[in-house]
1. Which is buried (at least 23 other Cβ atoms within 10 Å of the Cβ), of a type in the set (S, T, N, Q) and either farther than 21 Å from GLU440 by Cα or over 18 Å from the mean Cα position of the chain (by Cα) (or both), of THR152, THR198?
2. Would you confirm whether any residue within segment 202-210 is within 17 Å of the chain's Cα centre (by Cα) and in a helix (DSSP H, G or I)?
3. Can you tell me which residues in segment 257-293 are of a type outside the set (Gly, Ala, Ser), closer than 27 Å to SER157 by Cα and either surrounded by 15 or more Cβ atoms within 10 Å (Cβ to Cβ) or at pLDDT 90 or above (or both)?
4. Which of the residues that make up segment 60-69 are in a helix (DSSP H, G or I) and open to solvent by less than 50 Å² (accessible area, probe 1.4 Å)?
5. Working only within segment 175-188, note down all residues that are under 22 Å from GLY286 (Cβ atoms) and crowded, with 19+ Cβ neighbours inside 10 Å.
6. Checking ASN144 against (1) on the phi > 0 side of the Ramachandran plot; (2) surrounded by 21 or more Cβ atoms within 10 Å (Cβ to Cβ); (3) of a type outside the set (Asp, Glu), which single condition isn't satisfied?
7. Name the helices (runs of 4 or more DSSP H) wholly inside segment 70-169 in which the number of residues that are of a type outside the set (D, E, K, R) and under 19 Å from LYS314 (Cβ atoms) is 1 or more.
8. For segment 387-421, enumerate the residues that are surrounded by fewer than 22 Cβ atoms within 10 Å (Cβ to Cβ), small (Gly, Ala, Ser) and modelled with pLDDT of 90 or more.
Amino acid sequence: MRKMRKVVALAMSAVMAMGVLAGCGGSSGTSSSKDGVVTLKWIQVGNGMPKNYNKWLEQVNPYLEEKIGVNVDMEIVPWGDWDNRRSVIANSGEYFDILFTDQTRYNGEVSSGVFLDISDKVKEVTPDLYKMIPEDYWEAVSLNDKVYGVPTYKDSSFSEYFIWDKDVADKYGIDINSIHDFESLYPALKKIKEGEGTAPFYMSKSGAKVMIDMNFDNLSSGSQVIGVNYDDDTKTVVNPLENEDILSNLDIIHNMYKEGIINGDAPTADDTPKYHTFFMAQGWSGAAKTSWGPNYGIKNCEAVQFGETVVSNKTVQGSINAIYSGSKHPDEALKLLELINTDTKLRDWFYYGVEGEDWQYTEDNKVERLTSDWGMAGYTQGSYFTVSQQVTEEFNQWDEVKQLNENAKPSPMLGFSLDTSNIQTELANCNAVFEKYYPEFFTGAQEPRKLLETIKKELDTAGWEKIRAEAQKQVDAFSGK
């Protein structure tokens, strides 16, 4: 595998009651064809079916007919229904042509035979699609040297940021560009807490759990309690919770929690309020102006990177589109995926909605948004790099995303996926232990080193050592040891 200097670039999940499928023409569970035009069923997650979906089809389908001789029938499943709906799709044999998937289920869906092996077909039928996506992306979605899905060429590397209300930081003389770690973050947020009288670092119960993803490859295991450090050339499988760098940061977070810099209800908070003085998020710095600021009520929002940009199987697998193993039209499905990844006009329709109603082009070929309620999730569809720039953006944010991808530090385990068939029970038990304790561990609600001892004892009882041994055996075989 070549070095990952030219790669990479983040998620979600099922049951939509069948009655909610009104407006989805292909809900009968079969593929259809009319006058030689194939209708492809594509299932994604998002905010549910758009109210103006039929008007959207009237724009999209004639274009698709002309370009590749197909129509599309979309099912957009609401976020809250996605886990259950996806389970039904995977376990019932329900017909579809293309299904959005990600790292949470991709391996399992491949193992159970849901998806088609497209290793050769993607090169033969859609060579332009294959060429536009970096080789290492294809490796990241490969299982047993076979490709079962098309990775989305977007922000699939991982960069974490400290995001600030710059006006508040300036009020207290804080130089945010000099703060790249928790050691320097602590006194800055303490100054804001003392001046404002409220907790500036509002956390939900996920806390700083992201520190695992910043430092460890979880081997596509679906677990947060095993991994290989990105800096470890020996590829030794360990428990990331025991990592000293993570523990040192959690010591600081614990002090923040005790001093009221972090909100007291963090371990139980499912969400955060609309406005944020400060928070952490994965993305790119330009998102401070295009997304984070508008979404969280911050007029002068700025982001400063915290940690390195990394790429792993997990980051690439944040968005994949796979073809059903029983699809009657796999070639056409691949051609549709190729077109949405390479054709800006089609990409804009999927990303922004109905032209003339949700958005319109300006004279300089930028996009002016007319509404903000388009229900399809852009990251589930295709490359970001063919999406037109919005008129409100002073810069093309996708240029930054592409640069982050190209300079991302590759995980030493890129291309490796753990076979979990012999450790399913132990993984489920250990994951249950993690779910039980992570809110208090990563929000600083308890002293991390003391809590870690409790977690380790329960992990040992749950079978952690068996998982580690099996994982290490497979990692060693992958590394040729």
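The values are calculated or read from the model by the stated rules, or taken from the named source; none is laboratory data. The model shown is predicted, which means the values in this text are computed figures rather than measured ones. With ideal geometry, Cβ positions are generated from the backbone for all residues, glycine too; neighbour counts draw on all protein chains shown. Keep in mind that these areas ignore ligands, DNA and RNA; they rest on the heavy atoms of the full protein, side chains included. Shrake-Rupley method; radii C 1.70, N 1.55, O 1.52, S 1.80 Å.
1. Result of the check over THR152, THR198: THR152.
2. Looking through segment 202-210, at least one residue is within 17 Å of the chain's Cα centre (by Cα) and in a helix (DSSP H, G or I).
3. Selection gives THR272, HIS276, THR277, PHE278, PHE279, MET280, GLN282, TRP284, LYS289, THR290, TRP292.
4. VAL60, ASN61, TYR63, LEU64, ILE68
5. ILE176, ILE179, LEU185
6. (2)
7. 82-92, 106-111, 135-140
8. SER388
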